1. Determine ³J(HN,Hα), in whole Hz, for all residues of segment 121-127 in sequence, where each value follows from phi through the Karplus function 6.51 cos²θ - 1.76 cosθ + 1.60 and θ = phi - 60°; x replaces Gly and Pro.
2. In the neighborhood of Pro163, defined by Cβ-to-Cβ distances under 10 Å, what is the net charge if each Lys or Arg adds +1 and each Asp or Glu adds -1?
3. Give the order of Thr197, Thr215 when sorted by the count of other beta carbons within 10 angstrom, beginning with the fewest.
4. Have a look at Leu200, Leu96, Leu133 and tell me which one the Gaussian network model of the chain (Cα, springs below 10 Å) gives the largest fluctuation.
5. Full extension from Gln37 to Lys57: what is 0.36 nm times the residue separation minus their Cα-Cα distance, to one decimal in nm?
6. If you line up the long axis of helix 210-225 against the longest principal axis of the chain, both from Cα atoms, how many degrees apart are they, to the nearest 10?
7. With everything on Cα atoms, drop me the angle between helix 2-15 and the longest principal axis of the chain, reported from 0 to 90° to the nearest 10.
8. How would Leu82, Leu223 line up from fewest to most surrounding beta-carbon atoms within 10 angstrom?
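Just so it is clear, none of the values below were taken in a lab; they were calculated from the coordinates. Every value quoted in this text rests on a predicted model; they were computed, and no experiment measured them. Virtual Cβ from ideal backbone geometry, glycine too; neighbours counted across all protein chains shown.
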Amino acid sequence: MLRRLSVIVITIATLNPQMSWAMNAEEYRLLGIKYQQQERYSEAIDVMQKAVKLQPKNINGRVLLGWTQHLAGQEDAATKTLVETFCLDPFYVRNLNALGIVHLVSGRLFEAAATHIWAVVLKPDNEIAYYNLSLTMERLKKYPWAIGNAKRASQLEPNNPHPLVALAIAYWGQGDRTQAKKAFRQAIALDGRYRNTEFLNHLKKAGFSPTQIQTTKQILQNLKNRTL
């Protein structure tokens, strides 16, 4: 009996292998997340695209794909994926957060501002949107807005040094060196690695532009000259 059942299973698999072995959309997504965490972005994107093809209306699956494309440096592809997702559901905050970041790092500052403002309207305690709004407004030289958003992000996520560094460069741009250095000292208090100039280069992954990273280095150097 067992042998006969085995023959039946093997026969079905031979005639229609997809019926037996094809992964479903959720399995593809989970595999894609695993690859993404391992920074195997090409493989992650490949399986996430398969998941989206199987479930084109699954919003979370689309966001995962778009964000992974962003992590892989494929900003145009990420924009396309996330904009399409926005058209399917303009109220999904995770997609708005991801799309706003992609707009920001791509230099589309007005689009970034509009996207993050909408994300804040939908979720008033959205620390990601406030933080990225601060970086956006600093680049637009709207320093009071940059300062206000950085403060709000820091209140919502008090153990994250990134909003404090964003606050520091906003104050620096406004010409308030005292408050800039105070904010940067607070960031150092949370994470001592901010004493290291080379460590500041990692801020690129946190949405800072090259000019903003250079500003953080200026603030740190100023602090070092006066002894931290």
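1. 4, 6, 9, x, 9, 7, 5
2. Local charge sum for Pro163: 0.
3. Thr197, Thr215
4. Leu200
5. 4.8 nm
6. It is inclined by approximately 50 degrees.
7. Approximately 70 degrees, to the nearest ten.
8. The order, fewest Cβ neighbours first, is Leu223, Leu82.
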